[in-house]
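Beneath this line is the structure, given in structure tokens, with notes to follow.
The values are calculated or read from the model by the stated rules, or taken from the named source; none is laboratory data. Just so we're clear, the structure is a prediction, and the values are computed from it rather than from any experiment. Positions of Cβ are generated from backbone atoms using ideal geometry, with glycine treated the same way; all protein chains shown enter the neighbour counts. The accessibility values were calculated without ligands, DNA or RNA, using every heavy atom of the protein model including side chains. Shrake-Rupley method; radii C 1.70, N 1.55, O 1.52, S 1.80 Å.
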Amino acid sequence: MADEMNQKQEEEQPIPLLTPHQMGRFQLSHRIVLAPLTRMRSYENVPQPHDVLYYSQRATNGGLLIAEATGVSDTAQGFPHTPGIWTKEQVEAWKPIVHAVHLKGGIFFCQIWHVGRVSNYGLQPNGQAPISSTDKPISSTDSYQHSPPRRLKTEEIPHIVNDFKLAAINAIEAGFDGVEIHGAHGYLIDQFLKDQVNDRTDEYGGSLENRCRFALEIVDAISNAVGGDRVGIRLSPFANYCDSGDSNPQALGLYMAEALNNYGLAYCHMVEPRMKTIGEKFHCDDSLLPMRNAFKGTFIAAGGYDREEGNKVVAENRVDLVAFGRLFLANPDLPKRFELNSPLNKYNRETFYSPDPVVGYTDYPFLETDS
Ligand SMILES: Cc1cc2nc3c(=O)[nH]c(=O)nc-3n(C[C@H](O)[C@H](O)[C@H](O)COP(=O)(O)O)c2cc1C
């Protein structure tokens with residue numbers, strides 16, 4: 001009898017990931033966020049009709065979705081068929097996708113990025129060199145060929161900040177509820193933040209304050225343009241993807257978390273230290289807790305989470321929201337599955353980035369809840 005009562009009590013406990021959270025002006029009904037996921041199905045950098053189904057499949061009433069990394073200008077691309085938001089055509093193409101998410105009550109932020117040196121001549125206008133904080137090429141090799149970058153001149157930097165600002169304005173014009181500035185994973189902003197990459201001698205290099213200047217100028221410009229409560233930022237101080245390590249990631253993460261308090265942002269989104277590269281989880285004793293405690297707004301963590309660990313970190317108040325990447329990619333109804341503690345579909349790496357508009361994209365099955 002006592003056992004039965006205990007079990008009943010356990011069943012009646014709210015599932016931490018499924019409790020509501022007020023994120024500034026947005027009332028979220030649960031804490032399971034769709035992490036930004038590049039899917040390379042936006043042919044010629046234009047979002048496609050098949051994205052309507054993909055995103056609306058993952059939308060829930062009061063759930064936060066973050067769209068895949070979306071280019072801020074014609075120099076921002078590092079991979080084929082990634083979407084942009086710098087042309088009128090792209091803005092128009094995003095509108096039905098955003099509308100479909102809103103019809104289901106979802107809250108939709110657009111992740112905006114510039115890849116900087118994680119690019120090559122073939123992806124740049126007129127075959128020019130990719131831009132960066134540095135002229136040092138990426139030394140590590142992967143399946144993409146990276147061309148040596150051109151170091152941005154100091155006086156060019158305000159133009160790039162402005163590109164981010166215009167992209168954010170465009171995202172709001174497309175209907176998005178806000179933007180997430182992609183400051184993670186070794187792309188342009190991270191190339192300024194990290195001392196393994198940034199070898200500048202002007203006011204954008206050297207000290208921690210100088211290396212963070214570019215990121216904070218972007219945050220400032222976008223917050224002024226669309227309102228800080230419609231802006232989030234993603235950072236990965238501990239990651240070293242594309243040679244983007246830092247000698248003191250704790251200090252970097254903490255400096256940014258504190259500086260971000262000045263802008264009244266919707267959220268700060270950090271990638272767990274154990275994700276040294278995208279998609280690989282390592283054992284790591286570092287923690288995001290000091291940054292979570294320093295940042296006075298909604299804090300999202302991502303990287304290697306499952307239902308159990310997500311519930312744990314929410315219950316312990318170590319995070320407000322948890323972003324799920326691969327699990328949400330393969331389980332369009334992830335919040336429902338977490339609610340019912342149902343088995344999950346397995347993701348298929350082979351189709352993460354393949355251009356097919358259906359296979360590995362919108363054909364992951366939903367739970368059959370009728371049976
Ligand atoms: C296919 C794929 C695409 C990704 N694209 C992006 C992206 O566009 N922007 C970004 O910030 N992170 C991107 N990531 C990283 C994820 O957002 C997430 O941080 C990572 O998958 C770890 O979370 P997980 O263990 O829940 O999958 C990508 C990851 C995968 C697997």
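Counting only strands (runs of 3 or more DSSP E) that sit wholly inside the range 226-311, those with at least 3 residues that are within 20 Å of D195 (Cβ to Cβ) are 231-235. Would a scan of the range 205-212 turn up a residue that is over 24 Å from D286 (Cβ atoms), away from the ligand (no atom under 16 Å from the Cβ) and open to solvent by less than 20 Å² (accessible area, probe 1.4 Å)? Yes, the conditions are met somewhere in the range 205-212. Among the residues of the range 114-156, those identified as open to solvent by less than 60 Å² (accessible area, probe 1.4 Å), without any contact (Cβ under 8 Å) to a residue 60 or more places away in the chain and closer than 18 Å to I218 by Cα are I131, L152, T154, E156.
Would you pick out the residues in the range 335-358 that are open to solvent by 20 Å² or more (accessible area, probe 1.4 Å), within 18 Å of E308 (Cβ to Cβ) and not in a loop (DSSP other than H, G, I, E, B)? Answer for the range 335-358, where residues must be open to solvent by 20 Å² or more (accessible area, probe 1.4 Å), within 18 Å of E308 (Cβ to Cβ) and not in a loop (DSSP other than H, G, I, E, B): K336, E339, L340. When P332 is tested against (1) open to solvent by 70 Å² or more (accessible area, probe 1.4 Å); (2) modelled with pLDDT of 95 or more; (3) assigned to a loop (DSSP other than H, G, I, E, B), only condition (1) is not met. Counting the residues of the range 290-309 that are more than 10 Å from the ligand (Cβ to nearest atom), open to solvent by 40 Å² or more (accessible area, probe 1.4 Å) and within 24 Å of F328 (Cα to Cα) gives 3. Only strands (runs of 3 or more DSSP E) whose full extent lies in the range 14-111 are considered here, and the ones with at least 1 residues that are over 27 Å from E316 (Cβ atoms) are 64-71. Entry remark, the range 315-330: residues being within 15 Å of the ligand (Cβ to nearest atom) and either closer than 17 Å to P14 by Cβ or more than 18 Å from the chain's Cα centre (by Cα) (or both) number 3 in total.
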